[in-house]
Amino acid sequence: MFEQTFKNIDDILHKDAGCGSELDYVEQTSWILFLKYLDDLEKDRATAAELTGKTYTPIIEKKFQWTVWAMPKSKDGKLNHHTALTGDDLSDFVNNKLFPYLKKFKTNAESADTIEYKIGEIFSELKNRLQSGYNLREVINLIDQLRFRTHAEKHEMSHLYEDKIKNMGNAGRNGGEYYTPRPLITTIVKVVNPKIGEKIYDGACGSAGFLCEAFAYLNQKGLSTKDTVTLQKKTFYGKEKKSLAYIIGIMNMILHGVEAPNIIHTNTLAENLADIQEKDRYDVVLANPPFGGKERAEVQQNFPIKTGETASLFLQHFIKILKAGGKAGVVIKNTFLSNTDNATVAIRKTLLESCNLHTVLDLPGGTFTGAGVKTVVLFFEKGKPTQKVWFYSLNLDRNLGKTNPLNENDLAEFVKLQKNFADSENSWTINVKDIDQTTFDLSVKNPNKKEETALRQPKAILKEMKALDKESAEILNTIKELI
């Protein structure tokens with residue numbers, strides 16, 4: 001039912017002059033969905049308070065509640081068409097009253113880790129793009145059918161929202177940068193193996209896929225109340241530069257069960273590395289920083305190793321912001337392992353000397369839909385220099401693409417062998433002391449891969465064809481004689 005509802009909403013948004021692409025569809029669905037989610041959350045809180053004999057004070061004041069402005073209902077439970085706003089009246093209310101009211105929550109909230117603060121942030125960043133109040137009414141009617149009351153409903157909704165984010169990858173305007181394939185994220189989280197009580201960080205969080213997956217990994221049955229509070233408030237931290245990705249990241253985490261995500265709307269690379277203190281550090285870094293970006297000179301001044309390459313700056317940031325003993329899983333372009341420019345060589349040297357780069361996962365082309373680059377995942381721990389690096393090259397018997405994406409089974413052998421850094425046809429270990437000590441080249445060259453048979457020269461092939469022809473003629477003559 002949920003899936004069909006989402007499709008119907010997209011059809012309405014497609015008709016509206018204010019929504020031009022899948023990116024707009026996700027953005028507009030998000031804020032309306034969020035207000036319906038908030039209404040269900042308030043109902044659950046009110047019920048819980050009633051059961052314990054307490055009085056519940058709603059977050060949203062009466063006239064701005066979903067059941068008042070969006071879906072006033074008659075006694076039969078159906079929309080009351082006499083009191084429900086539509087057309088220009090609805091657009092005016094949303095744009096001139098609802099959004100300004102919700103924006104104020106940011107300044108009035110007690111602290112940044114409350115849902116009130118997140119409401120204020122979301123509505124400070126967004127605007128209603130639906131130009132037709134009649135289209136908006138239709139979307140509201142559809143979203144009202146969605147429920148967020150049970151665990152199963154929230155679970156289904158979070159999966160559908162993930163699918164919408166994935167579709168953004170095909171929508172142009174760099175939509176793909178919001179989405180890292182879920183099987184890859186799951187595998188990275190498994191290998192890094194975070195624990196409850198550790199602070200987990202993604203400084204380029206996009207749609208917060210890594211943080212959502214880490215939450216799912218840690219949020220197991222039987223957790224104590226203390227552990228549940230730790231997961232909700234003191235575990236997941238993200239930063240995101242772009243407004244839309246930031247909103248989607250918050251929304252995605254809320255739908256996955258983190259009530260007030262610690263995601264900040266900021267340019268991570270604008271922070272000076274020299275200003276990072278012990279209190280700012282994290283136990284775990286999980287990230288897929290944007291590759292191919294170019295940063296301005298003033299941003300580069302924040303880093304000891306100056307480079308315009310966004311991903312190389314992020315890697316410096318991640319190394320610096322990890323605590324001693326902290327663990328990381330970071331996706332980066334495979335050229336990082338072999339480029340010979342001064343900056344890349346210096347960053348590789350820093351990584352090998354200050355961290356134990358224990359594992360490199362080499363991914364095939366097509367892992368990231370729409371991105372033509374090949375990537376690797378670097379797994380490292382801060383505090384000890386690297387002595388050995390275990391490589392695993394993912395060789396699949398098919399080409400990856402939109403209709404044939406990466407799945408968890410593809411990565412099962414990697415997860416199994418990585419536990420003991422075992423050698424195989426696809427995995428091997430190198431000693432750091434054996435690599436070039438001037439370039440620190442870590443190119444992926446599998447010594448266990450069977451060499452392809454060298455192509456023969458055309459003359460040799462023709463000679464063999466002649467010999468075969470002669471042999472065939474002789475056999476035919478023998479047969480003729482027998483007849």
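Summary table below
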item	result
Some residue of the stretch 398-416 being in contact with a Phe, Trp or Tyr (Cβ under 7 Å, 6 or more places away or on another chain), surrounded by 12 or more Cβ atoms within 10 Å (Cβ to Cβ) and either over 30 Å from His317 (Cβ atoms) or charged (D, E, K, R) (or both)	no
Enumeration of residues in the stretch 394-414 that are among the small types (Gly, Ala, Ser) and either within 18 Å of Val191 (Cα to Cα) or in a helix (DSSP H, G or I) (or both)	Ala412
Qualifying residue in the stretch 380-393 (condition: assigned to a helix (DSSP H, G or I) and hydrophobic (A, V, I, L, M, F, W, C))	no
Failed item, numbered, when Ala260 is tested on (1) in a loop (DSSP other than H, G, I, E, B); (2) out of contact with any Leu (no Cβ under 9 Å at 6 or more places or on another chain); (3) surrounded by 24 or more Cβ atoms within 10 Å (Cβ to Cβ); (4) touching a residue at least 60 places away in the same chain (Cβ under 8 Å)	(3)
Unique residue being surrounded by fewer than 16 Cβ atoms within 10 Å (Cβ to Cβ) and in contact with a helix residue (DSSP H, G or I) (Cβ under 9 Å, 6 or more places away or on another chain) when the list is Ile250, Ile319, Ile276	Ile276
Any helices (runs of 4 or more DSSP H) falling wholly within the stretch 133-205 and containing at least 2 residues that are among the charged types (D, E, K, R) and either modelled with pLDDT under 80 or out of contact with any helix residue (DSSP H, G or I) (no Cβ under 9 Å at 6 or more places or on another chain) (or both)	151-168
Matching residues in the stretch 69-113 - criterion: being part of a loop (DSSP other than H, G, I, E, B), touching a helix residue (DSSP H, G or I) at 6+ places or on another chain (Cβ under 6 Å) and touching a residue at least 12 places away in the same chain (Cβ under 8 Å)	Leu85, Thr86, Asp113
Only one of Val373, Val444, Val377 that is surrounded by 12 or more Cβ atoms within 10 Å (Cβ to Cβ), of a type outside the set (D, E, K, R) and modelled with pLDDT of 90 or more	Val377
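The values are calculated or read from the model by the stated rules, or taken from the named source; none is laboratory data. The structure displayed is predicted, hence computed values, not measured ones. Positions of Cβ are backbone-derived with ideal geometry, glycine not excepted, and every protein chain shown enters the neighbour counts.
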